[in-house]
Amino acid sequence: MTRRDFTRKSALIGAGLAASNFVACKGTRSVRNDELNVTIPMPVQIVIDDVGWWSGEDGNERQEPYRTGISRNHVPADYQAIVDLGIKLGVRPQAATILCEWDRENILRNLPTSTWMREKWDNSKWVGAWLDEAADIIRNNQNHYELTMHGVGHEYWQDENFTRAEWADSSGQMRPLDQVELHLDYFEKLLDQNQLGPFPTSFVPTAFLHGFGLTGEHKISMAEVIKKRGINYINTPFYNMYNAEGAQFGLFGIDSGVITVDRGEDLLDWDVFGEKPSGVLTGPTCGLHWPNLLHADPRRNSEIVDAWVKLLRPYNDKPETLLAKNSSSFRNQLVHHVCTKVQIREDKIDIDFLETNKLNDQLSTNELTVKIESQRKLTFNSDDLNISELKIAQEKNNYLYTLVIDSVKDLEKAVVKFEAT
Ligand SMILES: [Zn+2]
């Protein structure tokens, strides 16, 4: 079975589970009258999988990982491509990273389940100047590059043959807890070897094999295990997640206090390489795999990056979406998008945070973005809130107002007044 077939097959198993799970809060994301259309836009975040390999070879037929499946090795310019995407869009893409080929000291010999060579692990061919060059790019561009945990070796080697995948088996059941803890320890050791920064705060499960809540005989969920390491955000497609029906809020669920966001379907297959993207996003995650951002000639990576910029930039200008600047503003706006209610009453917009406040510990910033469409030129003010930024875009007779509001935390309700000028 190819990797794609595998994902498709799992998708069918998971389908039908996720549809009926809107349980707790269901906000009014959008409300319209003759004059106004008020929306709490859905944030979009870019998540790029399988960053970190130096070999591009798809090794699955030799019981090695799929890696990225491209026809060349990876180079530091492939990291710069992620940074460039972030700079051009004013965002901080998540680079979901595999670290085994960054092992300068062959420490993974001590963790045989993490690589295809097991106790005989030898990474010497991938130790070279490119490690420092790529690490510099990551370190020097923290505002436009988030190192997200993906895994150590991506799969799980019980003997000579790999099984999918590193953190959970093919039904989404977590691997033995002692092994999971060791893989986390070694992920951290590899970060330290390469001075790649502190332990990440976000996680993308490899092969999208993950269980929401408890799995198998375990008394602790994967979310709780990684929460102890400081992770507060999991991104994975719910069509492939065990117990997806347990996710309480549709687009996301809270698992042991960790937000778990539905990645949905990616626009491109994992091995599309050197092609300009097309398609329409349908959920809050713009998921891709590293090859999707790159060119066969790394000097031409920018051609593919620019095509992504062209595809994604309009999502900032639509009334119903925005590009989140980083993970914390993404989480914040997503919770508001799902839980905060808006209403129009005469010359006022009522905002209701009652449901949102139940998820207060997910709100890491005080900010909320609201977009308002009108055919009239309007001004806005509020006694309850601080409107810290107002952007106005005009197209023919239609105005789109983007209001960035702060100090919303702990408020139950607020009113924004509007007035024609
Ligand atoms: Zn992966």
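The values are calculated or read from the model by the stated rules, or taken from the named source; none is laboratory data. All figures in this text were calculated on a predicted structure; none of them were measured in a lab. FYI the Cβ positions are ideal-geometry reconstructions off the backbone, even for glycines, and counts take in every protein chain you see. Quick note on the areas: whole protein, heavy atoms, side chains included, nothing else; ligands and nucleic acids left out. Shrake-Rupley method; radii C 1.70, N 1.55, O 1.52, S 1.80 Å.
If you take the square roots of the eigenvalues of the alpha-carbon gyration tensor of the range 165-229 and sort them as a ≥ b ≥ c, do you get rounded (a/c under 1.5), prolate (a/b over b/c) or oblate? Numbers along the way, then the final one.
Values: a/c = 2.06, a/b = 1.91, b/c = 1.08.
Since a/c reaches 1.5 and a/b is larger than b/c, the shape of the range 165-229 is classed as prolate.
Count neighbours as other Cβ atoms within 10 Å of each site's Cβ, and list the trypsin sites (Lys or Arg not before Pro) in the range 70-176 that are DSSP loop with at most 13 such neighbours.
Numbers: sites: Arg72, Lys88, Arg104, Arg109, Arg118, Lys120, Lys125, Arg139, Arg164; in loops: Arg72, Arg104, Arg164.
When the trypsin sites (Lys or Arg not before Pro) of the range 70-176 are filtered for loop state and at most 13 Cβ neighbours within 10 Å, nothing remains.
With contacts defined as alpha carbon pairs under 8 Å and 6 or more residues apart, what's the relative contact order of the chain in percent?
Numbers: 946 pairs, mean separation 84.1, N = 421.
Reported relative contact order: 20 percent.
Ser278 versus Lys377, label points 7 Å from Cα toward the beta carbon: distance in nm?
Calculated label separation equals 4.1 nm.
Per residue, how much accessible surface does the range 282-421 expose to a 1.4 Å probe? Answer in Å², no decimals. Intermediate results must be reported in sequence, preceding the final value.
Working: 6520 Å² over 140 residues.
I get 47 Å² per residue for the range 282-421.
Whole percent per 10 Å bin, from 0 to the bin with the longest distance: what is P(r) over all C-alpha pairs of the chain?
The distribution over the chain is 5, 22, 30, 24, 13, 5, 1, 0, given as percents.
Within the range 155-188, which chymotrypsin sites (Phe, Trp or Tyr not before Pro) sit in a loop by DSSP and count at most 16 neighbouring Cβ atoms inside 10 Å? Before the final figure, lay out each step's value.
Numbers: sites: Tyr156, Trp157, Phe162, Trp167, Tyr186, Phe187; in loops: Trp167.
The qualifying sites: there are none.
Can you work out the FRET efficiency for the pair Asp136 and Thr421, with r the C-beta to C-beta distance and R0 = 56 Å, to the nearest 0.05? Don't skip to the end; give the middle numbers.
Numbers: r = 50 Å, r/R0 = 0.90.
With a Förster radius of 56 Å, E is 0.65.
In whole angstrom, note down how far apart the Cα centers of the range 190-210 and the range 214-255 are.
Cα centroid to Cα centroid, the span is 16 Å.
In Å², and per residue, what accessible area does the range 201-273 have when probed at 1.4 Å with the other protein chains present? Don't skip to the answer; put the middle values down first.
Values: 2300 Å² over 73 residues.
That works out to 31 Å² for each residue.
As a check on your grasp of the helix formula, calculate [θ] at 222 nm for the chain: sum -39500 (n - 2.57) over DSSP H runs of n ≥ 4, divide by the residue count, round to the nearest 500.
Rounded to the nearest 500, the figure is -6500 deg cm²/dmol.
Which trypsin sites (Lys or Arg not before Pro) in the range 184-244 pass both tests, a DSSP loop state and at most 14 other beta-carbon atoms within 10 Å? Walk me through the intermediate numbers first.
Working: sites: Lys189, Lys219, Lys227, Lys228, Arg229; in loops: Lys219, Lys228, Arg229.
Those that pass, being in a loop and sparsely packed, are Lys219, Lys228.
How much accessible area per residue does the range 51-111 have, in Å², with a 1.4 Å probe?
Values: 1890 Å² over 61 residues.
Accessible area per residue, the range 51-111: 31 Å².
Given a 1.4 Å probe and every protein chain left where it sits, what share in percent of the accessible area of the range 182-291 is carbon and sulfur?
47 percent
How far is the Cα center of the range 271-308 from the Cα center of the range 331-390, in Å?
Answer, in whole Å: 33.
Scanning the chain for GluC sites (Glu not before Pro) in DSSP loops with at most 16 other Cβ atoms within 10 Å, what's the longest stretch left with none?
On the way: sites that count: Glu35, Glu105, Glu160, Glu217, Glu265, Glu275, Glu320, Glu346, Glu412.
Here the longest run is 36-104.
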